[in-house]
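Take a look at the structure below.
The values are calculated or read from the model by the stated rules, or taken from the named source; none is laboratory data. All values derive from a computational prediction rather than experimental measurement. Note that each Cβ is placed from the backbone with ideal geometry, even for glycine, and that neighbours are counted across all protein chains shown.
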Amino acid sequence: MPVKTDLLALVAAVGLPLTALLWFVTRRTVRHSRLGRLAVCTLAAISLTPTACAVCGTRTLLPAIFISLNSLSTDSETRFIGLVYGVLPIVTVAALAFSVWSYYAERHRAAYNGDRANSPSPFRFDALLSSDVAGFVRQRLPGLSLISDRSPK
């Protein structure tokens, strides 16, 4: 399968500096703004996502942005190829990058603000031993000894 390295390099050479410039301009608001993170992830996905599509009878690896331009065609078959081989890979990469970045940004913001109970981390067991839960368990099950009740002496 031929690889169009010249087109991939051209798109990366134009897209990555634009992505870095957008991130540099919005770096303070991107921490809190989901829309800013989505814009940076979309521009990065546009500049980095390759796709394999049949061009002139041979399957070729080239930037997905070139194939996504086919989605503007009036022919329904060409438009379908543009959507499936161009737009769908870009949207998939942008959504994946956005979800991973947002997960860590929200987790960092929750930890920074001291909001440990609302942190989206699935590995938080210390919320189970908070004072409200411990008080409820002590009231309902007076003979049960909790880990948080034991203090080192």
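Annotations for the structure displayed:
- Only a single criterion out of (1) in contact (Cβ under 8 Å) with a residue 60 or more places away in the chain; (2) more than 30 Å from ARG31 (Cβ to Cβ); (3) not in a strand (DSSP E or B) is not satisfied by VAL84, namely (1).
- Candidates ALA39, ALA13, ALA45 - the one that is among the small types (Gly, Ala, Ser), surrounded by 17 or more Cβ atoms within 10 Å (Cβ to Cβ) and farther than 15 Å from PRO89 by Cβ: ALA39
- A single member of ILE46, ILE67 is at pLDDT below 90 and either part of a helix (DSSP H, G or I) or β-branched (Val, Ile, Thr) (or both), and it is ILE67.
Quick grid of which residues meet (1) of a type outside the set (Lys, Arg); (2) out of contact with any strand residue (DSSP E or B) (no Cβ under 6 Å at 6 or more places or on another chain); (3) closer than 27 Å to ARG107 by Cα:
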site	(1), (2), (3)
PHE24	yes, yes, yes
VAL30	yes, yes, yes
ARG34	no, yes, yes
ARG37	no, yes, yes
VAL40	yes, yes, yes
ALA45	yes, yes, yes
CYS53	yes, yes, no
ARG59	no, no, no
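- Residue pairs whose Cβ atoms lie under 8 Å apart, separated by 6 or more positions or on different chains, with the first residue in region 21-32 and assigned by TED's automatic domain parsing to the domain that holds ALA105 and modelled with pLDDT of 80 or more and the second in a loop (DSSP other than H, G, I, E, B) and surrounded by 13 or more Cβ atoms within 10 Å (Cβ to Cβ), are TRP23/VAL30; THR26/SER33.
- In region 87-112, the qualifying residues are those that are modelled with pLDDT of 90 or more and not hydrophobic (A, V, I, L, M, F, W, C), and the one that is surrounded by the most Cβ atoms within 10 Å (Cβ to Cβ) is PRO89.
- Residue check for THR74: of a type outside the set (A, V, I, L, M, F, W, C), without any contact (Cβ under 8 Å) to a residue 60 or more places away in the chain and within 22 Å of GLY36 (Cβ to Cβ): no
- When residues in region 24-59 are screened for being within 17 Å of ALA12 (Cβ to Cβ) and among the hydroxyl-bearing types (Ser, Thr, Tyr), 4 of them pass.
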